[in-house]
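The values are calculated or read from the model by the stated rules, or taken from the named source; none is laboratory data. Every value quoted in this text rests on a predicted model; they were computed, and no experiment measured them. For neighbour counting, all protein chains shown are included, and Cβ atoms are generated from backbone atoms with ideal geometry for every residue, glycine included. Surface areas here come from the heavy atoms of the whole protein model, side chains and all, with no ligands, DNA or RNA. Shrake-Rupley method; radii C 1.70, N 1.55, O 1.52, S 1.80 Å.
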Amino acid sequence: MEAAFWHQKWAQGETAFHEGEANAMLVKHFHALELAAGARVFLPLCGKTEDIPWLRQQGCRVVGIELSELAVEELFAGLEQRFGLTPTVEVISDFRRYAAEGVEVWVGDVFQLSREILGPVDAIYDRAALVALPDSLRSRYTAQLKALGQDAPQLLVTLEYAQSEMNGPPFSIDQKEIEHHYRDHYQVSLLQQKVVDGRLKGKVDALESAWLLQA
Ligand SMILES: C[S@@+](CC[C@H](N)C(=O)[O-])C[C@H]1O[C@@H](n2cnc3c(N)ncnc32)[C@H](O)[C@@H]1O
């Protein structure tokens, strides 16, 4: 997917991937990450997800990266309204960094991010990020996450369905593909698998899965 594809989605408000509340699998399996209070959790391709305030409320420091500044503005407008969080915005390298107490989001391309800029993280949470990327970008993306996260554990939420029945995003990712990308770095464990209510986009039967990736 080109950047223009996502900018257009945000500009037109076509954000059906956005859940109105924290992801149920995050809420159920967050504890599996075994994080201490104040842990820094990285959310690649974060959008304006409700997972950010939820993780913050669990005592985490949340750091995200998102291509669309519109999404980040919408995120912080909500955080300001509900929690009184007003961000400071600064330009660092190729990014604009929005930061408030317990939450920072870098506006820019995840592939341009470096460990030096991001800083150390204690965990990665990927929901609707790996599945948002076409096959041609996934090896580069997963290599980037391994470089950015080092030995930090990852909670990964994926979707699986008959790809022949619908085009992505979201794309179908099965266990074989997860193992292909991550088994050199992580031990991959399936935590939960459930049928997507009402079918994916109302069109195809699909499974949502939560995976724990441990170095
Ligand atoms: C399917 S949405 C998921 C957003 C969020 N994770 C959620 O659960 O609601 C994918 C997001 O990735 C962003 N994105 C796509 N490519 C990106 C890239 N190369 N770097 C940073 N963000 C990107 C898009 O703008 C979009 O907001």
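What to note about this one:
- Around residue 102: net Lys/Arg minus Asp/Glu count, Cβ-Cβ under 12 Å: +1
- Ordering 87-100, 140-153 by mean Cβ neighbour count within 10 Å, with the highest value first, yields 140-153, 87-100.
- Solvent-accessible area, 1.4 Å probe, carbon plus sulfur percent, for segment 1-103: 48
- Vicinal HN-Hα couplings computed from phi for segment 13-30 (Karplus, 6.51 cos²θ - 1.76 cosθ + 1.60; Hz; Gly/Pro x): x, 8, 10, 4, 5, 6, 8, x, 8, 4, 4, 4, 6, 4, 4, 6, 10, 3
- Stretched out straight at 0.36 nm per residue, the stretch from residue 215 to residue 195 would grow longer than its current Cα-Cα span by 4.4 nm.
- Contour excess over end-to-end distance, with Cα ends at residue 150 and residue 136 and 0.36 nm allotted per residue: 2.8 nm
- Separation of the residue 16 and residue 180 label points, Cα + 7 Å toward Cβ, nm: 2.6
- DSSP beta bridges in the chain [antiparallel fraction, %, rounded to 5]: 60
- Distance from segment 10-61 to segment 145-215 (C-alpha centre basis), Å: 16
- Computed per residue of the chain from DSSP H runs no shorter than four, each worth -39500 (n - 2.57), the mean residue ellipticity at 222 nm is -8500 deg cm²/dmol.
- Backbone geometry of segment 87-93 corresponds, through the Karplus equation with coefficients 6.51, -1.76 and 1.60 at θ = phi - 60°, to 3J(HN,Hα) couplings of x, 9, 10, 9, 9, 10, 6 Hz, x marking Gly and Pro.
- Relative contact order %, the chain, counting alpha carbon pairs below 8 Å whose residues are six or more apart: 18
- Ordering 152, 119, 52 by Cα displacement along the dipole of the chain toward the positive end leaves 152 in first place; charges were set at the Cβ atoms of Lys, Arg (+1) and Asp, Glu (-1).
- Annotation: amide H-H contacts under 5 Å for residue 109 (H modelled 1.01 Å from N, sequence separation of 5 or more, or interchain): none.
- Projected-area mean, segment 65-125, by convex hull of Cα positions, square nanometres: 4.4
- When the chain is described by a simple charge dipole with +1 on each Lys and Arg Cβ and -1 on each Asp and Glu Cβ, the residue from 200, 108, 169 located farthest towards its positive end is 200.
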